[in-house]
Amino acid sequence: MPEKPVTLTYRQTLQMRRNYVGRSCKLHFEVAPLKIVRASRQYLYDDTGNEFLDCINNVSHVGHCHPHVVSAGQTQMAMLTTCAGFLNDQMAEYAKRLISTLPDKLCVCFFVNSGSEANDLSLRLARSYTKREDVIVLENAYHGNLGNLIEISPLKFKKLNMQKKDWVHIAPCPDTYRGKYREGEVPNPSLSYSNEVKQIIEEVQDQGRGIAAFMCEPLMSASGIVTFPKNYLQNVYRHVRENGGVCLADEVQTGLGRTGENFWAFQSHDVVPDIVSIGKPIGNGHPMAVVITTKEIADTLVEFGSTFGGNPVSCAVGMAVLDVIQNEMLISSAKSVGKCLLDGFRAILPHHSMMGDVRGQGMIIGVELVMDKDSKKPAKEAAEILCYRAKEQNIILANDGPGYNVIVLTPPLCFNCDNARRVIQVFDSILKSIETEAASVGLTSSGIDMNQSETGDVPITVISGTLDRIHQTTSDDDDGCTDEKRARYEEMD
């Protein structure tokens with residue numbers, strides 16, 4: 001009989017991760033991470049049995065460990081899983097089903113394994129078709145973790161102090177709350193932002209070059225949940241196409257009904273991209289992604305191969321996800337529950353001095369925290385404190401955006417209105433306490449003065465209690481790691 005798996009203590013798991021996993025691979029709640037051992041629907045369970053409401057895991061699109069998805073993967077894995085190069089019904093059927101959700105011209109699939117791979121291939125297709133190199137992206141955009149995608153992700157390459165490539169052109173993010181053209185300050189922010197793209201195209205042409213592609217998410221996620229003003233994408237797509245470029249929609253975060261109105265987020269803008277990249281949610285946690293484009297663009301790619309892209313297990317999982325979206329009416333659910341979230345947050349906004357903006361669509365929501373509503377100075381510390389205190393009440397939130405001051409909610413689509421009401425109540429209560437504490441010490445231009453710690457931006461008073469559990473677990477001698485290997489990471493402790 002096989003030996004029973006060894007169950008590691010919390011401390012052992014933490015120490016072994018520090019020893020054997022790259023330091024740049026960050027954890028949620030870095031100073032006091034959770035050890036999650038199982039999950040179901042919209043709930044996570046830690047190693048002590050505590051249940052947490054998951055408000056951030058958009059990867060588990062239809063719910064953690066959905067039985068229909070799990071069964072489909074298990075059944076197919078027991079029958080056949082193979083690399084590319086052979087005919088199989090699963091790939092053909094899945095490609096047909098995906099294409100049926102899209103406008104007619106988007107009719108050719110390329111299967112890969114991650115959103116980064118999909119965006120990389122999208123860029124390659126655009127260049128193959130246009131015979132050009134230059135790309136326009138939006139300020140604070142993020143499109144993936146591969147080398148050339150970091151080069152077109154201003155949110156990342158600026159943090160890494162990388163120099164912008166000559167072929168990368170950055171248009172202002174069409175943020176009407178804190179962007180260059182704000183609602184109420186200019187007559188038509190949408191037109192002003194789209195004209196910025198037009199100007200970039202003209203400047204590139206003046207240099208004797210041309211634009212290969214414009215790439216953006218139809219609703220920007222990593223930049224703090226930015227929704228576009230009406231007609232922005234229509235105007236931008238027109239400018240790009242009139243000058244020989246193609247339009248790429250990065251639906252890795254926003255696709256498969258998350259926005260609650262349509263199957264794809266770009267459909268809310270009445271546009272049809274030339275290339276669509278899909279990732280994260282389509283496998284409900286299984287690593288898979290797809291690029292879908294026109295026949296004309298697809299045919300310009302002379303050769304392409306992906307060892308595991310479109311394998312039978314992945315395609316079986318992908319079809320099961322589509323089944324659940326349809327059978328459980330998750331798109332209409334995303335719309336109604338998303339409205340519950342948006343309405344709830346907007347109802348409490350006037351009562352909070354640090355709530356700057358509430359925005360989003362369907363089940364992708366952002367609440368921006370600011371030091372005050374006039375200056376709109378990002379309240380990063382307040383956002384971090386709120387997330388840690390929500391964790392103490394068994395709710396998992398995240399803060400994101402360029403200033404890490406936007407509370408982001410992208411839960412599994414089985415998230416319901418009762419969950420939404422609970423989140424809003426907890427959020428309201430925690431933010432009131434933060435605002436009271438901030439007022440007691442005085443709001444300054446530097447933020448909230450609450451005994452900053454060397455562990456990061458979160459005040460030590462917030463995390464000291466959560467660290468107790470780490471120190472109450474087994475000793476360092478029980479972590480299964482030798483002193484020689486542990487010594488490499490002593491400076492982290």
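Counting residues in the stretch 411-429 that are in a strand (DSSP E or B) and at pLDDT 95 or above gives zero.
Just the residues that are modelled with pLDDT of 95 or more, over 19 Å from the mean Cα position of the chain (by Cα) and hydrophobic (A, V, I, L, M, F, W, C), please, taken from the stretch 122-166. Those that are modelled with pLDDT of 95 or more, over 19 Å from the mean Cα position of the chain (by Cα) and hydrophobic (A, V, I, L, M, F, W, C): 123, 125, 126, 135, 136. For the stretch 278-297, the candidate set comprises residues that are modelled with pLDDT of 95 or more and in contact with a Leu (Cβ under 7 Å, 6 or more places away or on another chain); within that set, the residue that is farthest from residue 121 (Cα to Cα) is 282.
Checking each residue in the stretch 168-197 for being more than 20 Å from residue 222 (Cβ to Cβ), open to solvent by 20 Å² or more (accessible area, probe 1.4 Å) and either touching a residue at least 40 places away in the same chain (Cβ under 8 Å) or not aromatic (Phe, Trp, Tyr) (or both) picks out 182, 183, 184, 185, 186, 187, 188, 191, 192, 195, 196.
As a summary of the residue check, residue 342 satisfies the conditions (1) within 20 Å of residue 417 (Cβ to Cβ); (2) outside any helix (DSSP H, G or I) except for the one numbered (2).
Pairing each residue of the stretch 298-321 that is modelled with pLDDT of 95 or more with any residue that is of a type in the set (Asp, Glu) and surrounded by fewer than 24 Cβ atoms within 10 Å (Cβ to Cβ), provided the two are 6+ apart or on different chains, yields C-beta distances under 8 Å for 315/93; 319/93. Restricting the stretch 48-77 to residues that are open to solvent by 60 Å² or more (accessible area, probe 1.4 Å) and in a loop (DSSP other than H, G, I, E, B), which is nearest to residue 282 (Cα to Cα)? Result: 65.
When the residues of the stretch 78-108 are filtered to those that are hydroxyl-bearing (Ser, Thr, Tyr) and surrounded by 13 or more Cβ atoms within 10 Å (Cβ to Cβ), which remaining residue is nearest to residue 36 (Cα to Cα)? Walk me through how you get there before you give the answer.
From the stretch 78-108, those hydroxyl-bearing (Ser, Thr, Tyr) are 81-82, 94, 100-101; that's our starting set.
Subsequent filtering for residues that are surrounded by 13 or more Cβ atoms within 10 Å (Cβ to Cβ) retains 81, 94, 101.
Values: 81: 28, 94: 32, 101: 34 Å.
Among them, the one singled out is 81.
Has the stretch 96-116 got at least one residue that is assigned to a helix (DSSP H, G or I) and within 30 Å of residue 198 (Cα to Cα)?
Here is the first cut: in the stretch 96-116, the residues assigned to a helix (DSSP H, G or I) are 96-99, 115-116.
Subset that is within 30 Å of residue 198 (Cα to Cα): 115-116.
So far as the stretch 96-116 goes, yes, one or more of its residues are assigned to a helix (DSSP H, G or I) and within 30 Å of residue 198 (Cα to Cα).
Residues in the stretch 15-45 that are open to solvent by less than 20 Å² (accessible area, probe 1.4 Å) and over 18 Å from residue 411 (Cβ atoms) were compared, and the one that is modelled with the lowest pLDDT is 32. A search for C-beta distances below 6 Å between a residue of the stretch 88-107 that is under 18 Å from residue 289 (Cβ atoms) and any residue that is in a loop (DSSP other than H, G, I, E, B), counting only pairs 6+ apart in sequence or on different chains, returns 91/310; 99/107; 101/263.
The values are calculated or read from the model by the stated rules, or taken from the named source; none is laboratory data. What you see is a predicted model; the values in this text were computed from it and never measured. Virtual Cβ from ideal backbone geometry, glycine too; neighbours counted across all protein chains shown. Accessible surface areas use protein heavy atoms only, side chains included; no ligands, DNA or RNA. Shrake-Rupley method; radii C 1.70, N 1.55, O 1.52, S 1.80 Å.
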